[in-house]
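The values are calculated or read from the model by the stated rules, or taken from the named source; none is laboratory data. Just so you know, these numbers come straight off a predicted model, no measurement behind them. No Cβ is skipped: glycine too gets one built from the backbone with ideal geometry, and neighbour counts run over all protein chains shown. Ligands, DNA and RNA are stripped out before the accessible areas are found, and what is left, the full protein with its side chains, is counted by its heavy atoms. Shrake-Rupley method; radii C 1.70, N 1.55, O 1.52, S 1.80 Å.
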Amino acid sequence: MEQPPCWQCNKKYTGLFCAHCNALQCPVDDYYSVFGMERKLSLDVQALQAKFYELSRLLHPDRFTRRSPLERQYSLEASSLLNKGYRVLRNPVQRAEYVLKKEGFDIGEQGTKDVPPELLEEVFELNMALEELKMGDQQARGAVEEARQRFAAMRDEIDRELEQLFQQWDEKHERATLQQIRGLLNRRRYIHNLVTEVENVATLSN
Amino acid sequence: MAYSQKVLDHYNNPRNVGSLDKSDPNVGTGMVGAPECGDVMKLQVKVNPQTGIIEDAKFKTFGCGSAIASSSLATEMLKGKTVEEALAIKNTELVNELSLPPVKVHCSILAEDAIKAAIADYKRKQAAREAVVAQAQ
């Protein structure tokens with residue numbers, strides 16, 4: 001995306017600051033661009049953190065108290081974008097959801113068809129066992145723990161698949177890959193909610 | 001946001017909770033789920049094969065109040081209907097009867113899907129049985 005010229009000296013630049021007069025620019029509403037990174041799904045979280053600290057210092061509103069009102073405003077906006085962006089980008093699931101949104105996918109409502117029937121059976125059985133455990137039937141504990149492990153393993157498996165698809169998209173930028181990612185994220189959300197629910201019930205009934 | 005009286009009624013006194021024998025050839029089982037909210041719904045119908053009338057319906061739903069109410073109401077509506085009449089039940093009937101707000105419409109869609117899945121399962125079983133009978137003759 002072509003950046004408009006610097007608001008202060010009207011020269012071309014790239015990045016957050018003008019290369020000619022060093023004025024802070026109006027931040028582009030995109031987490032990757034605040035971090036000065038390409039839109040990639042695989043990302044080194046440690047490098048991201050280092051970049052986050054570095055930019056946090058550079059963009060901190062305290063550094064702009066003697067600058068123009070416009071730059072003070074930009075530093076606030078950029079800092080807030082940076083913080084939000086760090087929270088989203090460091091988490092693989094949120095990062096993928098963000099990229100899907102930016103690439104024009106609607107990630108809200110999903111039909112029921114994305115849940116395979118055999119998974120539904122398992123989910124149903126797990127819920128039955130959870131209900132028994134909630135009602136104080138300690139015999140259900142074994143079944144619940146078994147189910148928790150099974151679902152946690154499923155989630156790990158999905159995470160591995162996601163990692164591969166992330167790399168695939170970074171290399172080829174094919175929409176079909178994003179479609180697959182979207183399907184996996186749905187399944188993951190479903191399973192993740194279950195694991196969380198099981199853990200809650202297991203703690204409460206201890 | 002408050003639930004309507006009818007939702008609360010079905011939630012507090014759900015009708016026809018339970019299960020029917022899955023292996024009975026006259027029983028159709030529908031299992032559906034919504035990944036976004038983690039709901040899962042099982043709905044079963046027992047059909048008289050001579051008349052094609054649904055004689056019993058049971059459900060078990062894990063989910064929010066609206067999902068429970070939608071499936072509870074669905075089982076009430078199913079009893080006494082023919083299989084074809086049951087397939088004509090629309091989620092909008094559930095929405096109107098329960099006064100579901102727009103954000104809960106998907107619960108009624110789930111219930112409609114469950115009805116369709118249960119009847120499809122029943123029909124599948126009947127077709128399989130007829131095939132066996134035809135083969136024996």
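For the Cα trace of segment B:5-132, dividing Rg by the Kirkwood Rh returns an Rg/Rh value of 0.98. When the Gaussian network model of chain A links Cα atoms closer than 10 Å, the mean-square fluctuations of A:Gly104, A:Gly85, A:Gly183 top out at A:Gly104. Looking at segment B:61-98, the trypsin sites (Lys or Arg not before Pro) that sit in a DSSP loop and have at most 15 other Cβ atoms within 10 Å of their own Cβ are B:Lys90. Could you please state how large a percent of the accessible area of segment A:53-157 is carbon and sulfur, counting protein chains only and using a 1.4 Å probe? Roughly 50 percent of what the probe reaches on segment A:53-157 is carbon or sulfur.
Averaged over peptide A:117-129, the number of partner chain Cβ atoms lying within 10 Å of each residue's Cβ comes to 4. Residue by residue along A:181-193, Cβ atoms of other protein chains within 10 Å of the local Cβ number 2 on average.
Think of the protein assembly as shown as a dipole: +1 on every Lys or Arg Cβ, -1 on every Asp or Glu Cβ, centred on the Cα centre; then among A:Gly136, B:Gln137, A:Ser68, A:Ser68 lies furthest on the positive end. Helix B:65-78 and the longest principal axis of the Cα set of chain B meet at an angle near 40°. Accessible area ranking (1.4 Å probe, heavy atoms, ligands and nucleic acids excluded), largest first, for A:Met128, A:Met154: A:Met128, A:Met154. Applying both filters, DSSP loop and at most 15 other Cβ atoms within 10 Å, to the trypsin sites (Lys or Arg not before Pro) of segment B:8-62 gives B:Lys22. Within 10 Å, at most 11 other Cβ atoms, and a DSSP state outside H, G, I, E, B define an exposed site. Report the longest part of chain A free of exposed GluC sites (Glu not before Pro). Longest stretch, sites excluded: A:39-108. For the protein assembly as shown, the normalised intensity computed at q = 0.10, 0.12 Å⁻¹ comes to -0.78, -0.96 (log10 of I(q)/I(0), Debye sum over alpha carbons, equal scatterers, no solvent). Backbone phi angles across segment A:91-105, fed through the Karplus curve with coefficients 6.51, -1.76 and 1.60 (θ = phi - 60°), yield HN-Hα couplings of 9, x, 5, 5, 4, 5, 4, 5, 5, 4, 4, 5, 8, x, 8 Hz in residue order; Gly and Pro are listed as x. So which of A:Lys40/B:Lys42; B:Lys90/B:Lys123; B:Lys6/B:Lys58; A:Lys101/B:Lys60; B:Lys22/B:Lys104 end up more than 31 Å apart, counting from Cα to Cα? Exceeds cut-off: A:Lys40/B:Lys42; A:Lys101/B:Lys60. Across segment B:121-137, coupling constants 3J(HN,Hα) worked out from phi with the 6.51/-1.76/1.60 Karplus curve, θ = phi - 60°, read 5, 4, 5, 4, 5, 5, 4, 5, 5, 4, 5, 5, 4, 4, 5, 5, 7 Hz, and Gly and Pro carry x. Across B:Asp113, B:Asp21, B:Asp56, mean-square fluctuation computed from a Gaussian network of chain B (C-alpha pairs under 10 Å connected) peaks at B:Asp21. Computed on the Cα atoms alone, the convex hull of segment A:60-108 gives a volume of 81 cubic angstrom per residue. The mean of 1/r over all pairs of different alpha-carbon atoms in segment A:24-93, once inverted, gives a Kirkwood hydrodynamic radius of 12.4 Å. Counting only Cβ charges, +1 for Lys and Arg and -1 for Asp and Glu, the dipole size of segment A:8-150 around its Cα centre is about 1460 debye.
Model label points for A:Glu146 and A:Glu161, set 7 angstrom from Cα along the Cα-to-Cβ axis, are 2.4 nm apart.
Convex hull volume per residue, computed on the Cα atoms of segment A:112-204, equals 85 Å³. Per residue, the protein assembly as shown exposes an accessible area of 53 Å² to a 1.4 Å probe, with every protein chain left in place.
In this Cβ point-charge picture (+1 for Lys and Arg, -1 for Asp and Glu), chain B has a dipole of about 200 debye about its Cα centre. Taking the 0 to 90 degree range and rounding to the nearest ten, how far is the long axis of helix A:117-134 tilted relative to the main principal axis of chain A, both from C-alpha atoms? Approximately 70 degrees, to the nearest ten.
Candidates B:Ile54, B:Ser71, B:Tyr122 compared by Cα position along the dipole of chain B: farthest toward the positive end lies B:Tyr122, with charges placed on Cβ. For the chain pair A and B, the buried solvent-accessible surface (1.4 Å probe, both sides summed) amounts to about 1400 Å².
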